[in-house]
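These notes concern the structure reproduced below.
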């Protein structure tokens, strides 16, 4: 199947990347939040998250040698900084219409800085990443010392919400990317802290699943503590693999937990009748939300490519199933246009394409190929 993914990536590099740029890039600056199925931009508030993910994709494409306009990258970086950063605090507002500070979004500001720097060598990106890291450490740290608040108000006061592993997971992704680039201790320390949260709170070693929602003390939430997402199991497989390759301090734990995460994906997360990955489930595999978004398919493709290296008995089948599912149901190979959400019977239920999704598609394809080499 390596040949198949090579052909898909070739198509992505030659057709999809320029197509996505033409559809999402606003000539007046920045990127559209989403487009409809006719490729018309929709009037939705532009989140900093979406701006960052778009710049991540085109920075990676530049690094791959298939997107040549570095000036566009610089203008996009400048747009994000000038339109979203609050000068008085150093943090970034959630959207052009919302001055709240969001942890998930700040994780992607850091990741954007890493990818943009890798493409441009613009030293401002490293300085900005340090600034955002300091902002998070100075304002988002939870009062009990366990992880971070989900969000802050415009006055920097914590917004009390149900706690999630998801923003911590993407912050882990971001700090690993910065550590790979800089080798600086504060990024390693941040990664170590987030891994401890995964090990001690997010991953339930008793039943071998990653939990999503938590009380303030990071015990499972009293109502939603049994909600799990196979797609996030797959993302953690990749991130733990990255951690081990870059830092390597938890080899025994990582080697034990990765197959357990993958077992849930392979055994329960995949719709064995129609293909795809269920949105939400219980730890025993019971389906809570039978719709199937595109991003868990891409993340599970990447996870399966990693497990194929260790000859996991189900990895080759999952890899083949995810790649086939992606080609058959989710993407138009010729154009790079995709369907965001399908129902259990693989019928399209979404009428838009968000700017956030190419990040999942393109990076998962590139990483999957690299793990198979």
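The values are calculated or read from the model by the stated rules, or taken from the named source; none is laboratory data. Small disclaimer: the values here were computed from a predicted structure and weren't measured. A quick note on method: Cβ atoms are made from the backbone with ideal geometry, for glycine too, and the neighbour counts reach across all protein chains shown.
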*Mind listing whichever residues of the range 82-93 are farther than 15 Å from residue 157 by Cα and not in a loop (DSSP other than H, G, I, E, B)?*
82, 83, 84, 85
*Go through the range 132-150 and give me each residue that's assigned to a helix (DSSP H, G or I) and surrounded by 17 or more Cβ atoms within 10 Å (Cβ to Cβ).*
132, 133, 135, 136, 139
*Could you tell me which of the residues 371, 352, 319 is more than 16 Å from residue 4 (Cβ to Cβ) and within 21 Å of the chain's Cα centre (by Cα)?*
352
*Number of positions in the range 319-341 that are in a loop (DSSP other than H, G, I, E, B) and either crowded, with 22+ Cβ neighbours inside 10 Å or without any contact (Cβ under 8 Å) to a residue 12 or more places away in the chain (or both)*: 1
*asked:* Looking for something surrounded by fewer than 22 Cβ atoms within 10 Å (Cβ to Cβ), in contact with a strand residue (DSSP E or B) (Cβ under 9 Å, 6 or more places away or on another chain) and either modelled with pLDDT of 95 or more or farther than 13 Å from residue 47 by Cβ (or both) - is there at least one such residue anywhere in the range 115-131?
replied: yes
*asked:* Among the residues in the range 293-312, are any in contact with a strand residue (DSSP E or B) (Cβ under 6 Å, 6 or more places away or on another chain) and within 17 Å of residue 241 (Cα to Cα)?
replied: yes
*Of all residues in the range 44-73, which are under 14 Å from residue 25 (Cα atoms) and surrounded by fewer than 15 Cβ atoms within 10 Å (Cβ to Cβ)?*
69, 71
*Please give the helices (runs of 4 or more DSSP H) falling wholly within the range 208-313 in which 2 or more residues are surrounded by fewer than 23 Cβ atoms within 10 Å (Cβ to Cβ) and more than 20 Å from the chain's Cα centre (by Cα).*
251-264, 294-309
*Scan the range 345-373 and report the pairs whose first residue is under 17 Å from residue 326 (Cβ atoms) and whose second residue is assigned to a helix (DSSP H, G or I) and modelled with pLDDT under 95, with Cβ atoms within less than 7 Å and a gap of 6+ or a chain change.*
371/309; 372/2; 372/308
*Among the numbered criteria (1) at pLDDT 95 or above; (2) out of contact with any helix residue (DSSP H, G or I) (no Cβ under 7 Å at 6 or more places or on another chain); (3) farther than 30 Å from residue 156 by Cβ; (4) in a helix (DSSP H, G or I), which single criterion is violated by residue 3?*
(1)
*Give 194, 111, 171 a once-over and let me know the one that is closer than 21 Å to residue 367 by Cβ, surrounded by 22 or more Cβ atoms within 10 Å (Cβ to Cβ) and without any contact (Cβ under 8 Å) to a residue 60 or more places away in the chain.*
194
*When you scan the range 8-43, how many residues do you find that are surrounded by 13 or more Cβ atoms within 10 Å (Cβ to Cβ), touching a residue at least 60 places away in the same chain (Cβ under 8 Å) and part of a strand (DSSP E or B)?*
3
*Which ones in the range 44-71 are on the phi < 0 side of the Ramachandran plot and without any contact (Cβ under 8 Å) to a residue 24 or more places away in the chain?*
44, 68, 69, 71
